Amino acid sequence: MANERLARTNQVQTTNNHKTMKNKILITGILLLLTLFAYGGDEKVKPYPLNTCLVCGMKFGNMGKPYVFVYKGQEIKVCNESEKKDFDKDPEKYMKKFADAEAKLKK
Ligand SMILES: [Zn+2]
């Protein structure tokens, strides 16, 4: 009798483990979906409308590929990584500059 009870307890535990496994798979699946969704957000990135560097104002063209990154859904181009670091020091200042430059383009 005692053995039978033990066997049943084991069975219940096994069932619980299965449930936990399923939950883990479900959570992993949801996380994966969220990650995919976050990456899908890249499509909403607004392209950089200027042909000049946002940090130093130099025209792009002759000096190789600009350094491209995305700030709050806006694509930004600067000359190189060190200028990206300048941007990072005061992003609000450069985004203000960007907004002004973009507004001028539309005029
Ligand atoms: Zn520059």
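What residue, among those in region 61-86 that are closer than 16 Å to GLU102 by Cβ and more than 8 Å from the ligand (Cβ to nearest atom), is farthest from the chain's Cα centre (by Cα)?
Checking each candidate, the answer is LYS77.
Working only within region 51-107, note down all residues that are touching a helix residue (DSSP H, G or I) at 6+ places or on another chain (Cβ under 7 Å), of a type in the set (Ser, Thr, Tyr) and assigned to a strand (DSSP E or B).
Residues satisfying the conditions are TYR67, TYR71.
Might you let me know whether region 79-101 holds any residue that is touching a Leu at 6+ places or on another chain (Cβ under 7 Å), modelled with pLDDT of 80 or more, surrounded by 10 or more Cβ atoms within 10 Å (Cβ to Cβ) and hydroxyl-bearing (Ser, Thr, Tyr)?
Yes, region 79-101 contains at least one residue that is touching a Leu at 6+ places or on another chain (Cβ under 7 Å), modelled with pLDDT of 80 or more, surrounded by 10 or more Cβ atoms within 10 Å (Cβ to Cβ) and hydroxyl-bearing (Ser, Thr, Tyr).
With VAL78, VAL70 as the choices, which residue is closer than 13 Å to TYR48 by Cβ, in contact with a Pro (Cβ under 9 Å, 6 or more places away or on another chain) and touching a residue at least 24 places away in the same chain (Cβ under 8 Å)?
VAL78
The values are calculated or read from the model by the stated rules, or taken from the named source; none is laboratory data. Only a predicted model underlies this, so the values are computations on that prediction, with no experimental measurement involved. Please note: Cβ atoms are built from the backbone with ideal geometry, for glycine as well, and neighbour counts cover all protein chains shown.
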